[in-house]
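Undergrad: Pasting a structure below so you can have a look.
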Amino acid sequence: MTSNSLFGARMVALGTALPDKVLTNQDLEKMVDTSSEWIVERSGIHERRIGGTTAGLAAEAGQIAIERSGIDPQTIDLLILATTTPDRRVPATASTVQELLGLSCGAMDLNAACSGFVYGMIAAHGFINMGHQRVLVIGAETLRRLVDWTDRATCILFADGAGAAIIERTEGPGDLHGWHVNSNGALEEALYCDFDATIQMSGQAIFKNAVLAMEHAARQSLEMADLSPAEIDLVVPHQANVRIVEASCKRLGIPYEKTSMVIHRTGNTSSASIPLALEDAWQAGRVKKGDRLLLVGFGAGMTSAAAVITWDGK
Ligand code: ACO
């Protein structure tokens with residue numbers, strides 16, 4: 001594929017949802033042998049939110065995106081729900097979200113771990129290229145349900161949340177200029193969760209490979225967009241660890257100050273983390289029309305995905 005084949009779709013509105021319950025590092029100090037200082041130094045996380053269902057959080061975020069976009073929800077042709085934590089094995093949680101939002105459209109779950117939202121966004125552009133008018137892409141997770149709350153190596157990291165975006169057909173080439181998706185199944189054992197079990201993770205293996213995967217995905221999508229790292233106005237990375245993002249930015253030659261980070265208050269919300277960070281930047285007035293954004297994620301699999309877009313949202 002070349003960027004010439006990408007046309008006709010843009011992201012128009014965002015929505016997010018976080019559970020009410022805040023779990024601080026101090027709370028975790030009472031649960032496992034850890035310290036807030038260690039957690040902050042190693043990950044950048046101060047607190048995270050837990051609670052709710054994946055469908056409930058996804059619907060809340062989706063509803064906000066629909067309202068902000070001002071569209072008639074009946075004009076949405078497809079709902080893509082990126083999640084590693086569906087509420088049921090069958091059916092897809094996307095169908096539950098569809099019902100909660102009162103949509104008449106196709107609906108499917110997409111599991112690409114923490115890269116899921118970017119995978120979904122790219123897929124949405126593809127569906128629109130093939131004739132769809134509007135696609136609702138949501139990343140939503142309830143990772144607390146997969147966490148062993150006695151395992152200090154993982155319980156400090158993962159949390160719950162959701163983020164949504166409306167992607168719609170537009171005149172002209174649209175907002176997506178370059179993209180890349182990848183997976184390296186050889187690293188499956190570095191982070192996995194079996195049925196009816198809890199997350200198992202080799203933190204250092206993930207850390208090392210995440211830095212490389214982020215850099216590779218970013219460079220591939222920048223190359224397709226015919227842009228240099230210096231031409232990116234804002235990086236919206238998956239929020240797994242501040243140090244991973246710092247190291248990746250350093251390798252790309254992009255100042256860390258150009259990133260949007262919410263991990264300090266959300267923890268790692270997997271497929272929800274990129275839309276949560278994008279919403280934060282938008283709320284803070286850090287993105288304006290025409291800005292070039294690099295969305296880049298990595299996660300279990302190991303998957304990775306990146307997209308270079310021009311901000312054209314409401
Ligand atoms: N509190 C205190 N000490 C701890 C804790 C804790 N919560 N967890 C581990 N330690 C200890 C270890 O036991 C180890 O002790 P030892 O030296 O006596 O053996 C020591 O701290 C160092 O452990 P490391 O694993 O080497 O610590 P590291 O600096 O690598 O940080 C971390 C660990 C934060 C998990 C880091 O490796 C990391 O962030 N990795 C990436 C994880 C990640 O991003 N996962 C999600 C991917 S996205 C997705 O798909 C969901």
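The values are calculated or read from the model by the stated rules, or taken from the named source; none is laboratory data. Keep in mind the model is a prediction, meaning the values are calculated, not measured. No Cβ is skipped: glycine too gets one built from the backbone with ideal geometry, and neighbour counts run over all protein chains shown.
Undergrad: Just checking, how many residues over the stretch 54-70 are surrounded by fewer than 20 Cβ atoms within 10 Å (Cβ to Cβ) and acidic (Asp, Glu)?
TA: Number of matching residues: 1.
Undergrad: Now, a different point. Given the conditions (1) away from the ligand (no atom under 16 Å from the Cβ); (2) of a type in the set (Gly, Ala, Ser); (3) in contact (Cβ under 8 Å) with a residue 60 or more places away in the chain, and given that Gly253 satisfies all but one, which numbered condition is not satisfied?
TA: Here Gly253 meets the rest and fails (3).
Undergrad: Further, regarding this structure: Show me the helices (runs of 4 or more DSSP H) entirely contained within the stretch 74-182 in which 3 or more residues are aliphatic (A, V, I, L, M).
TA: Passing ranges, in order: 93-101, 116-129.
Undergrad: Could you pull out the residue among Gly285, Gly313 that is in contact (Cβ under 8 Å) with a residue 60 or more places away in the chain and either assigned to a loop (DSSP other than H, G, I, E, B) or within 16 Å of the ligand (Cβ to nearest atom) (or both)?
TA: Of Gly285, Gly313, the one residue that is in contact (Cβ under 8 Å) with a residue 60 or more places away in the chain and either assigned to a loop (DSSP other than H, G, I, E, B) or within 16 Å of the ligand (Cβ to nearest atom) (or both) is Gly313.
Residues are listed down the side, and each one gets a yes or a no for (1) of a type in the set (A, V, I, L, M, F, W, C); (2) assigned by TED's automatic domain parsing to the domain that holds Arg219; (3) under 18 Å from Ser69 (Cα atoms):
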position	(1), (2), (3)
Trp282	yes, yes, yes
Arg286	no, yes, no
Leu294	yes, yes, no
Met302	yes, yes, no
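Undergrad: While we're here: Conditions first: (1) touching a residue at least 40 places away in the same chain (Cβ under 8 Å); (2) within 24 Å of Val22 (Cα to Cα); (3) in a helix (DSSP H, G or I); (4) touching a strand residue (DSSP E or B) at 6+ places or on another chain (Cβ under 9 Å). Met261 passes all but one, so which condition is the exception?
TA: Going through the list (1) touching a residue at least 40 places away in the same chain (Cβ under 8 Å); (2) within 24 Å of Val22 (Cα to Cα); (3) in a helix (DSSP H, G or I); (4) touching a strand residue (DSSP E or B) at 6+ places or on another chain (Cβ under 9 Å), Met261 breaks only (3).
Undergrad: Would you mind listing the strands (runs of 3 or more DSSP E) fully within the stretch 7-53 where at least 2 residues are surrounded by fewer than 20 Cβ atoms within 10 Å (Cβ to Cβ), modelled with pLDDT of 95 or more and out of contact with any Phe, Trp or Tyr (no Cβ under 8 Å at 6 or more places or on another chain)?
TA: Those strands (runs of 3 or more DSSP E) span 22-24.
Undergrad: Return the residue satisfying two criteria in turn: it lies in the stretch 183-204 and is modelled with pLDDT of 95 or more, assigned to a helix (DSSP H, G or I) and touching a helix residue (DSSP H, G or I) at 6+ places or on another chain (Cβ under 8 Å), and of such residues it is nearest to the ligand (Cβ to nearest atom).
TA: Going through the qualifying residues, I end up with Ala190.
Undergrad: Then there's this: When the residues of the stretch 134-156 are filtered to those that are under 15 Å from the mean Cα position of the chain (by Cα) and within 14 Å of the ligand (Cβ to nearest atom), which remaining residue is farthest from Ile76 (Cα to Cα)?
TA: Only one residue tops the list, namely Leu143.
Undergrad: Restrict the check to the stretch 239-258 and report whether at least one residue is closer than 25 Å to Arg134 by Cβ, surrounded by 19 or more Cβ atoms within 10 Å (Cβ to Cβ) and touching a Lys or Arg at 6+ places or on another chain (Cβ under 9 Å).
TA: no
Undergrad: May I pose another question? Run down Asp280, Asp233 and say which single residue is touching a strand residue (DSSP E or B) at 6+ places or on another chain (Cβ under 6 Å), at pLDDT 95 or above and more than 16 Å from the ligand (Cβ to nearest atom).
TA: Result: Asp233 is the single residue among Asp280, Asp233 that is touching a strand residue (DSSP E or B) at 6+ places or on another chain (Cβ under 6 Å), at pLDDT 95 or above and more than 16 Å from the ligand (Cβ to nearest atom).
Undergrad: Being among the aliphatic types (A, V, I, L, M) and either more than 18 Å from Ala307 (Cα to Cα) or modelled with pLDDT under 95 (or both) is the filter here; which residues of the stretch 241-260 pass it?
TA: Those that are among the aliphatic types (A, V, I, L, M) and either more than 18 Å from Ala307 (Cα to Cα) or modelled with pLDDT under 95 (or both): Val242, Ile244, Ala247.
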